[in-house]
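The values are calculated or read from the model by the stated rules, or taken from the named source; none is laboratory data. Since the structure is predicted, the reported quantities are computational estimates derived from the model, not experimental observations. Ideal geometry is used to build each Cβ from the backbone, glycine not excepted, and the neighbour counts take in all protein chains shown.
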Amino acid sequence: MLHFSWTDFAVRPHHCSPAQRYAKVTVLAGLGLRLLAGGLLAGGGAAIAQTQPLHGNTPYYFRYSYPAAMSAPLPWAGTVGSPFLPAPRLEPSQAYPNTNGLLGVYQSSGAVLPASNAFFQSLGTNGRSCFSCHRPSDGMSLNTNTIRMLYMATAGRDPLFAPVDGANCPSSVPHAQTYAPGFGGRYSARYGGAHQSSSNEAHSLLLNKGLFRIFLPVPQHTPDLTAVGGPPSHPVEFTISVVSDPYGCNTDPAYAQQVDPVTQEKQQMISVYRRPRMSANLKFMTTPSLTLGSGRLPNVDIVTGVRVVDPSTGAAIGGNIMWDGREPTLESQARNATLGHAQALKPPTDAQIAQIVAFEKSVFAAQSYNVLAGNLTPSHGSTAFGGPKWMSEQSPAFAGFALFDAWPTTHAGAGHMQKMRASIARGQALFNTRAFSVSNVAGFNNAAVLRATNPSTATCVSCHGNLQAGSSPLSAALRDIGTGGHATQFGGPAPSKDLPIFRITCKAPYTTLYYGKEVLTNDPGQALITGRCSDIGRKSVPQLRALASRAPYFSDGSAATVRDTVMFYDKRFGMGLTNEEIDDLTNFMNSL
């Protein structure tokens, strides 16, 4: 079977000419002229941050992340566009093959012309667009097979591999493959830096695990939450030291620190590596509260109890769109992603942001066909209720999945379709009802809103209970399940050696909830945003639809397959699953 990562090229080859497939990204070819036209002088990323006005409600972290992005090298001038460009017209309903069948993508707002939509346009200086990391064929995320195909087809010159965050560290990229931008950036390796490597080694985390470098400042203070009924700001509760730094970005002064653009003080920067979040089914991620019986779920952080609002408007928001909750709204995310990931010299216009967000809110993605079970959608006589279109018509609610209720949990005879449908139905029942003990999970066992205890009895729905999408129905529902390597004593994995390892030491009188005063981890999670020891490792609960098209899984890409995620939970929480139950849960989740 043709693998899904080829689909934008192979399913509709007549839509793209060879010239279009291998077109040069002219924004890079004309970069020098654009810089001169803009009157920009070399002066470093900090100078750009001072002269380039940011949005009035820019999150704290971005004061440091933006100049850090702007001081990173650009890709070499020969960067080319993707040979797997989207079709000239994206129809309302599309199907993309994957190893389990077909992914369905539905646009509730109708057909889209990528050439005239800001989501698909390069708005920065390195050739990137939102589409670079959020592709319909990959469930609006990015599959490692797609990444490898792009790398091979373009010799690593697709904008996806921009050194700013598409490399393990900008200093790892071969010197000849980078371009020093006129606004004060640098070539990748100064004096043949110690971490310079071959091109494929420089991008190994992206190629092998689909991970991008996220560079954030260690906060100096916790947020001031008095405006939303929370505590005032106080000094950061921990220090971070680097135990292992395989790529140099956490120890090289060029990337491990950033000068405050206002005070000129040096600020410690931390580079972590994360998967791109799915930018589909966002109707169920941005809803601030859900109808539950005769009442509503509270629009508050489930741990602190403070209201979750957009700082620019005071309006209630969901707070779950980023792994660490650092962006309050889709508008904020679109603005800062363009400035940072695309190294833009100016923010997108309000009209461009509105167009990006409107497209994201209209896209729904879910598996629509299983190679053994057949049609998963309520069409052509099917008794299933999967696929994206039916999902798009539903309202957010707190409940377990009911997509395959009509399918029997047992099968008669040896028919492959009946056997797979029964397995999927059993997997759905296990997901909804299998009870197990959840313990030592920050953001769950200490959640005042949930009235949880440590341990607490739960099901998969307890965290993934947003009906249809499989995300959390609660605002700011970030949990620490231990994927960063700091929960080994509770059945979690050890810190990954191919990622940086940090030692986080809580200052007196603070401590973590379950690990004591010191933690070794690959990723501090939400703590890098809040400065609180209790938030170490906390990350938001992702959507579960379209899983079969967007491997690998977890924020750190540590689960190569859906089956690996099931086995992680089985070990971490002692679920006691049999081999058949692991198969059933895997088959169900691959059909979402």
Assess whether Thr457 counts as being β-branched (Val, Ile, Thr) and assigned to a loop (DSSP other than H, G, I, E, B).
-> no
Residue match in region 424-443 (condition: in a helix (DSSP H, G or I), in contact with a strand residue (DSSP E or B) (Cβ under 7 Å, 6 or more places away or on another chain) and surrounded by 18 or more Cβ atoms within 10 Å (Cβ to Cβ)) | no
Go through (1) assigned to a loop (DSSP other than H, G, I, E, B); (2) touching a residue at least 40 places away in the same chain (Cβ under 8 Å) one by one and return the number of the condition Leu520 breaks.
-> (1)
So Ala397 fits all but one of (1) without any contact (Cβ under 8 Å) to a residue 60 or more places away in the chain; (2) out of contact with any Lys or Arg (no Cβ under 8 Å at 6 or more places or on another chain); (3) surrounded by fewer than 18 Cβ atoms within 10 Å (Cβ to Cβ); what number is the exception?
-> (1)
Only one of Phe490, Phe588, Phe573 is of a type outside the set (Ser, Thr, Tyr), buried (at least 23 other Cβ atoms within 10 Å of the Cβ), in contact (Cβ under 8 Å) with a residue 12 or more places away in the chain and in contact with a Ser or Thr (Cβ under 9 Å, 6 or more places away or on another chain), namely Phe588
Consider Gly492 carefully, then state whether it is within 23 Å of the chain's Cα centre (by Cα) and either at pLDDT 95 or above or at positive phi (or both).
-> no
When residues of region 403-423 are filtered for being crowded, with 21+ Cβ neighbours inside 10 Å and of a type outside the set (A, V, I, L, M), how many remain?
-> 3
Within region 120-165, restricting to residues that are more than 22 Å from Pro347 (Cβ to Cβ) and of a type in the set (Phe, Trp, Tyr), the one that is surrounded by the fewest Cβ atoms within 10 Å (Cβ to Cβ) is Tyr151
In region 90-102, which residue that is of a type outside the set (S, T, N, Q) and part of a loop (DSSP other than H, G, I, E, B) is modelled with the lowest pLDDT?
-> Glu91
Candidates Ser241, Ser279, filtered to the one that is surrounded by 20 or more Cβ atoms within 10 Å (Cβ to Cβ) and of a type in the set (Gly, Ala, Ser) | Ser279
Can you name the number of the only condition in (1) under 19 Å from Leu547 (Cβ atoms); (2) assigned to a loop (DSSP other than H, G, I, E, B) that Pro348 fails?
-> (1)
Out of region 208-237, which residues are among the β-branched types (Val, Ile, Thr) and loosely packed, with under 14 Cβ neighbours inside 10 Å?
-> Thr226
Could you identify the single residue in Asn466, Asn446, Asn440 that is touching a Pro at 6+ places or on another chain (Cβ under 6 Å) and in contact (Cβ under 8 Å) with a residue 60 or more places away in the chain?
-> Asn466
Taking the residues in region 493-517 that are not in a loop (DSSP other than H, G, I, E, B) and not hydroxyl-bearing (Ser, Thr, Tyr) as candidates, determine which candidate is surrounded by the most Cβ atoms within 10 Å (Cβ to Cβ).
-> Phe502
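Could you tell me whether region 361-369 includes any residue that is under 18 Å from the mean Cα position of the chain (by Cα) and surrounded by fewer than 19 Cβ atoms within 10 Å (Cβ to Cβ)? Show your work before the answer.
Step one: list which residues in region 361-369 are under 18 Å from the mean Cα position of the chain (by Cα), which gives 361, 363-366.
Retained after the next criterion (residues that are surrounded by fewer than 19 Cβ atoms within 10 Å (Cβ to Cβ)): 361.
Yes, because at least one residue in region 361-369 is under 18 Å from the mean Cα position of the chain (by Cα) and surrounded by fewer than 19 Cβ atoms within 10 Å (Cβ to Cβ).
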What tally of residues in region 554-570 results from selecting those that are under 20 Å from Leu478 (Cβ atoms) and either in contact (Cβ under 8 Å) with a residue 60 or more places away in the chain or not in a strand (DSSP E or B) (or both)?
-> 8
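The rows are residues; the columns are (1) in contact with a helix residue (DSSP H, G or I) (Cβ under 6 Å, 6 or more places away or on another chain); (2) in contact (Cβ under 8 Å) with a residue 60 or more places away in the chain; (3) of a type in the set (Phe, Trp, Tyr); (4) not in a loop (DSSP other than H, G, I, E, B).
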{"position": "Gly104", "(1), (2), (3), (4)": "yes, yes, no, yes"}
{"position": "Ser122", "(1), (2), (3), (4)": "yes, yes, no, no"}
{"position": "Gly127", "(1), (2), (3), (4)": "yes, yes, no, no"}
{"position": "Thr146", "(1), (2), (3), (4)": "yes, yes, no, yes"}
{"position": "Met149", "(1), (2), (3), (4)": "yes, yes, no, yes"}
{"position": "Arg157", "(1), (2), (3), (4)": "no, yes, no, no"}
{"position": "Val164", "(1), (2), (3), (4)": "yes, yes, no, yes"}
Tell me the strands (runs of 3 or more DSSP E) entirely within region 233-338 that contain at least 1 residues that are out of contact with any Leu (no Cβ under 7 Å at 6 or more places or on another chain) and at pLDDT below 95.
-> 257-259, 266-274
State whether one or more residues within region 448-469 are modelled with pLDDT under 95 and charged (D, E, K, R).
-> yes
